[in-house]
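Participant: Have a look at the structure that comes next, please.
The values are calculated or read from the model by the stated rules, or taken from the named source; none is laboratory data. Not measured: the values here are computed from a predicted model. Cβ coordinates were reconstructed from backbone atoms using ideal geometry, including for glycine residues, and neighbour counts include every protein chain displayed.
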Amino acid sequence: MQKNHGQTRGRRFWLIKSEPGCFSWAEQCRNVVEPWTGVRNYQARNNLRAMAAGDLALFYHSVTEKRIMGVVEVVRTAYPDPTFSATPQGAKPARAGAANPWSCVDVKAAGGFSHPVTLGQIKQDPALAEMTLLKQSRLSVAPLRGEEFSHIVRLGDWSGLQGEGQGGPEKLISGISETGEE
DNA sequence: GCCAACGTTGGC
DNA sequence: GCCAACGTTGGC
């Protein structure tokens with residue numbers, strides 16, 4: 001067993017955002033494992049770097065849909081974002097030899113919601129009032145409390161982690177430390 | 001399409 | 001180090 005960093009054992013929870021026109025939940029499900037690249041914000045990058053294998057993240061469709069589609073599991077921790085050298089939209093000179101400051105992780109589809117949870121639902125739910133999604137709407141990789149995660153996957157009727165068998169979601173949810181770890 | 005929030009850049 | 005200008009994100 002890994003006894004990593006002396007953390008309260010168990011996974012942590014995140015919310016990651018994508019514009020469906022750019023990369024969608026359907027594509028995530030088709031590809032299964034996907035490198036989560038292109039994050040160009042330091043706070044979001046630091047959140048990527050804080051992820052551990054086995055952590056779970058809600059997959060949010062921003063802009064056009066504004067709803068949470070399902071769950072992904074972190075299967076590879078942070079490594080240099082290979083899309084850095086591509087230098088999109090002439091943003092950075094990225095001269096040869098410049099260090100790559102950006103990171104990505106690999107995430108794996110881990111079950112969709114039969115009822116995607118909308119931003120409207122989240123906004124009117126008192127249990128979710130403190131979500132980073134609401135407080136920092138522009139942050140594309142945000143931490144999530146265990147209670148928020150379990151609440152949302154119940155709302156969405158999560159189909160659970162693949163391969164965890166019957167009662168997967170409830171089993172997982174019950175295993176979630178409801179005591180926040182800030 | 002507009003606008004608020006927020007991050008980045010560059011002049012001083 | 002401050003701040004104005006500008007760009008981007010994302011909700012409405």
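Participant: Checking the conditions here, which among A:VAL117, A:VAL153 is within 15 Å of DNA strand C (Cβ to nearest atom), hydrophobic (A, V, I, L, M, F, W, C) and at pLDDT 95 or above?
Facilitator: Values: A:VAL153 fails: within 15 Å of DNA strand C (Cβ to nearest atom).
Step by step, each of A:VAL117, A:VAL153 is checked, and only A:VAL117 is within 15 Å of DNA strand C (Cβ to nearest atom), hydrophobic (A, V, I, L, M, F, W, C) and at pLDDT 95 or above.
Participant: Related question: Which members of region A:96-122 meet the condition of being more than 18 Å from the chain's Cα centre (by Cα) and assigned to a helix (DSSP H, G or I)?
Facilitator: Those that are more than 18 Å from the chain's Cα centre (by Cα) and assigned to a helix (DSSP H, G or I): A:GLY120, A:GLN121.
Participant: Quick one: is A:ARG49 in contact with a strand residue (DSSP E or B) (Cβ under 9 Å, 6 or more places away or on another chain) and either farther than 13 Å from A:VAL105 by Cβ or charged (D, E, K, R) (or both)? It would help to see each step written out before you state the result.
Facilitator: Working: in contact with a strand residue (DSSP E or B) (Cβ under 9 Å, 6 or more places away or on another chain): yes; either farther than 13 Å from A:VAL105 by Cβ or charged (D, E, K, R) (or both): yes.
So A:ARG49 passes the test.
Participant: Give the residue that is nearest to A:VAL141 (Cα to Cα), with candidates limited to residues of region A:44-65 that are within 16 Å of DNA strand B (Cβ to nearest atom), loosely packed, with under 15 Cβ neighbours inside 10 Å and not aliphatic (A, V, I, L, M). Let's see the steps before the verdict.
Facilitator: As a first pass, look at region A:44-65 and keep what is within 16 Å of DNA strand B (Cβ to nearest atom): A:44-49, A:61-65.
Checking which are loosely packed, with under 15 Cβ neighbours inside 10 Å leaves us with A:46, A:49, A:63-64.
Next cut, not aliphatic (A, V, I, L, M) only: A:46, A:49, A:64.
Details: A:ASN46: 9, A:ARG49: 10, A:THR64: 18 Å.
Checked region A:44-65; the qualifying residue nearest to A:VAL141 (Cα to Cα) is A:ASN46.
Participant: Turning to a different aspect of this structure: Looking only at residues that are small (Gly, Ala, Ser) and in a loop (DSSP other than H, G, I, E, B) in region A:123-148, which one is nearest to A:LEU15 (Cα to Cα)?
Facilitator: Taking region A:123-148 first, the residues small (Gly, Ala, Ser) are A:127, A:129, A:137, A:140, A:142, A:146.
Checking which are in a loop (DSSP other than H, G, I, E, B) leaves us with A:129, A:137, A:140.
Working: A:ALA129: 15, A:SER137: 11, A:SER140: 8 Å.
It comes out as A:SER140.
Participant: Still on this structure: Quickly run through region A:122-149 and pick out the residues that are among the small types (Gly, Ala, Ser), more than 18 Å from A:ALA50 (Cα to Cα) and near DNA strand C (Cβ under 9 Å from one of its atoms). Give the derivation first.
Facilitator: Of region A:122-149, the ones among the small types (Gly, Ala, Ser) are A:127, A:129, A:137, A:140, A:142, A:146.
From the residues that got through so far, the ones that are more than 18 Å from A:ALA50 (Cα to Cα) too are A:127, A:129, A:137.
Of everything in region A:122-149, just one residue is among the small types (Gly, Ala, Ser), more than 18 Å from A:ALA50 (Cα to Cα) and near DNA strand C (Cβ under 9 Å from one of its atoms), namely A:SER137.
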